[in-house]
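Data block below; observations after.
Read the figures in this text as sums done on the coordinates, not as results from a lab. Bear in mind that the values here come from a model prediction, so they are computed numbers and not experimental data. Every residue, glycine among them, receives a Cβ derived from its backbone with ideal geometry; neighbour counts consider all protein chains shown.
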Amino acid sequence: MSLLPPDEIELQLKSLQGWRLVGDMILRDFVFPDFRQAMDFVNKVAALAETANHHPDIDIRYNKVRLCLTSHDAGGLTRRDFKMATAVSAMDV
């Protein structure tokens, strides 16, 4: 999979509410009422990631979850990252 050019990255980000570009990754922070709900969300993301065979970096801090997406094997952002971000954004959170 090839890297996306900067203009394509900007265009893709416009359609993803809450996601932002940081270096060579896109990330989004989620806040939940408690730890259990945060973990339920993480497990749903894990199921999506397994199906897509594209796994985000996940940071869990009690009720806060940060997802970071980048295609490590390609060295930056590809269509896979935006496809996964779109799938996560479509989840009922």
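Using a cut-off of 15 Å between beta-carbons, work out the net charge of the residues near Ala85 (Lys and Arg +1, Asp and Glu -1, Ala85 not included).
My count for the surroundings of Ala85 gives +2.
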Item to complete: Straight distance only, please: which lysines reach the Cα of Lys14 with their own Cα at less than 21 Å, same-chain residues fewer than 8 apart left out?
Response: Lys83
Worksheet item: Roughly how many debye, to the nearest 20, is the charge dipole of the chain about its Cα centre, given +1 on each Lys and Arg Cβ, -1 on each Asp and Glu Cβ, and no other charges?
Response: 200
Worksheet item: Which percentage, to the nearest 5, of the DSSP beta bridges contained in the stretch 6-90 is antiparallel?
Response: 100
Discussion item. Quick one: 3J(HN,Hα) in Hz for the stretch 62-78, Karplus 6.51/-1.76/1.60 with θ = phi - 60°, rounded, Gly and Pro as x.
Written reply: 6, 9, 10, 10, 10, 10, 10, 10, 7, 9, 4, 5, 9, x, x, 8, 10
Worksheet item: What is the fewest-to-most order of Glu8, Glu50 by other Cβ atoms lying within 10 Å of their Cβ?
Response: Glu50, Glu8
Worksheet item: Local charge sum around Phe32 (other residues, Cβ-Cβ under 10 Å, Lys/Arg +1, Asp/Glu -1)?
Response: 0
Fill in: Gaussian network model of the chain, springs between alpha carbon atoms under 10 Å - residue of Asp40, Asp73, Asp24 with greatest fluctuation
Asp73
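To the nearest 0.05, how large is the calculated FRET efficiency for Ser2 and Ile58 if R₀ is 22 Å and r is the Cβ-Cβ distance?
0.30
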Discussion item. Please list 3J(HN,Hα) in residue order for the stretch 48-54, calculated via the Karplus relation 6.51 cos²θ - 1.76 cosθ + 1.60 where θ = phi - 60°; whole Hz, with x for glycine and proline.
Written reply: 4, 5, 5, 4, 7, 6, 8
Worksheet item: Just going by the charge dipole of the chain, with Lys and Arg at +1 and Asp and Glu at -1 on Cβ, which of Leu3, Met84, His72 is farthest out on the positive end?
Response: Met84
Response to the item:
In order over the stretch 22-31: 3J(HN,Hα) from phi, Karplus 6.51/-1.76/1.60, θ = phi - 60°, whole Hz, x for each Gly or Pro, gives 9, x, 9, 9, 10, 9, 8, 9, 10, 10
Fill in: nm² value of the averaged projected area, convex hull over the Cα atoms of the stretch 53-93
3.3
